[in-house]
Amino acid sequence: MQHLRKRADFLATAGGVKVPSAGFVLQARERSDPGPARVGFTVSRKVGNAVERNRVRRRLRALVRLNAERALRSGHDYVLVGRRAALSAGFSDLAADYDRALSRIHSKRREPTSQGRLTRDP
């Protein structure tokens, strides 16, 4: 597992599939290269001050680190967007939401539209 570092990678992933939960939004997209999975984390200033934002980011990183080998697929980019609810949610609840979000992301089929863009099935 590698980390996303460039803004362009975050923006490209934001155009992919999104699965919201109480503590975070999981965004994912499949890349054209078959390299290892890459993960990025972001928490906006609306969540709180720097201490609170860093706490949310640490909790999200711990979720991914504990479940990375069995859950993340190679050739994919993932971004976790932290929400304020991640501060007060139990870690087991966040882990359950993360597992549920990953299974929903990988179960979604994507088909090209007439304009050549990809859409997701409901």
The residue that is modelled with the lowest pLDDT, considering only those in the stretch 44-62 that are in a helix (DSSP H, G or I) and small (Gly, Ala, Ser), is Ala62
Mind telling me which of the residues Ala96, Ala50 ends up being over 16 Å from the mean Cα position of the chain (by Cα) and either of a type in the set (A, V, I, L, M) or buried (at least 18 other Cβ atoms within 10 Å of the Cβ) (or both)? Ala50
Spans of strands (runs of 3 or more DSSP E) in the stretch 74-121 with at least 2 residues modelled with pLDDT under 90: 110-112, 118-120
Taking the options Ser74, Ser21, Ser32, name whichever one is out of contact with any strand residue (DSSP E or B) (no Cβ under 8 Å at 6 or more places or on another chain) and surrounded by 18 or more Cβ atoms within 10 Å (Cβ to Cβ). Ser21
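The values are calculated or read from the model by the stated rules, or taken from the named source; none is laboratory data. Quantities reported herein were computed from a predicted structural model and do not represent experimental measurements. Glycine also receives a Cβ, built like all others from the backbone with ideal geometry; neighbour counts cover every protein chain displayed.
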